[in-house]
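A.B. asks: Pasting in a structure now, in structure tokens, and then I'll have a few things to ask.
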Amino acid sequence: MEKIVNTAIVNHLEPEKALSIHQYGFRQGLSTSDLLTSLNHSWVSEVNRGGAVRVLAVDIAGAFDKVSHRGVLHKAASYGITGPLLNWLSDYLYDRKLQAVVGGASSEPYKIDRLGSHKGASLGPHCFCCT
């Protein structure tokens, strides 16, 4: 279901040019390898023109875990996502809980109000946060 919703969101955002041309991850036909190729081309071109290149790489651990559900819904609505799709996203995010289960023993459910990405997820902050 997540893949279907992700496809619907991307199909809505692509024609509107709502996604940044600098967003490579989670885009059809683009990858982080494409990003590295583009950056390498820019850097080499600048050096060949006699310029200098300075690079600062930052990886903020857990950054997506800090994205507010309310913020994601507001940004989705600002991009014209309304009706059943926005309602589905709201239901998907509303009252989410985490719970650990180990060897049949369960922790108490913990309510979350931030949108993190789990491995293999099709929906996550990347849909709206990097635009």
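The values are calculated or read from the model by the stated rules, or taken from the named source; none is laboratory data. Computed from a predicted structure; not experimentally measured. For the accessible areas, the whole protein counts, side chains as well, though only heavy atoms, and no ligand, DNA or RNA atoms are used. Shrake-Rupley method; radii C 1.70, N 1.55, O 1.52, S 1.80 Å.
A.B. asks: On average, how much accessible surface per residue is there in segment 1-43, in Å², for a 1.4 Å probe, leaving out ligands, DNA and RNA? Kindly include the intermediate steps, with their values, before the conclusion.
C.D. replies: On the way: 3140 Å² over 43 residues.
With all protein chains present, segment 1-43 gives 73 Å² per residue.
A.B. asks: Given a 1.4 angstrom probe, I'd like the percentage of the accessible area of segment 9-76 that is carbon and sulfur, rounded to a whole number. Let's see the in-between values first.
C.D. replies: Numbers: 2930 of 5250 Å².
In segment 9-76, the share of accessible area belonging to carbon and sulfur is 56 percent.
A.B. asks: Using heavy-atom solvent-accessible surface (probe 1.4 Å) with all chains present, what is the largest-first order of LEU73, LEU89?
C.D. replies: LEU73, LEU89
A.B. asks: Probe 1.4 Å, all protein chains in place: accessible area of ASP91 in Å², nearest 10?
C.D. replies: Its heavy atoms expose roughly 120 Å² to the probe.
A.B. asks: Based on the Kirkwood radius over alpha-carbon pairs, what value in µm²/s does the Stokes-Einstein equation return for the translational diffusion coefficient of segment 1-52 at 25 °C and 0.890 mPa s?
C.D. replies: 189 µm²/s
A.B. asks: Which entries in LYS17/LYS66; LYS3/LYS66; LYS17/LYS75 show an alpha-carbon gap greater than 20 Å?
C.D. replies: LYS17/LYS66; LYS3/LYS66
A.B. asks: To the nearest 10 Å², what's ILE21's accessible area with a 1.4 Å probe?
C.D. replies: 140 Å²
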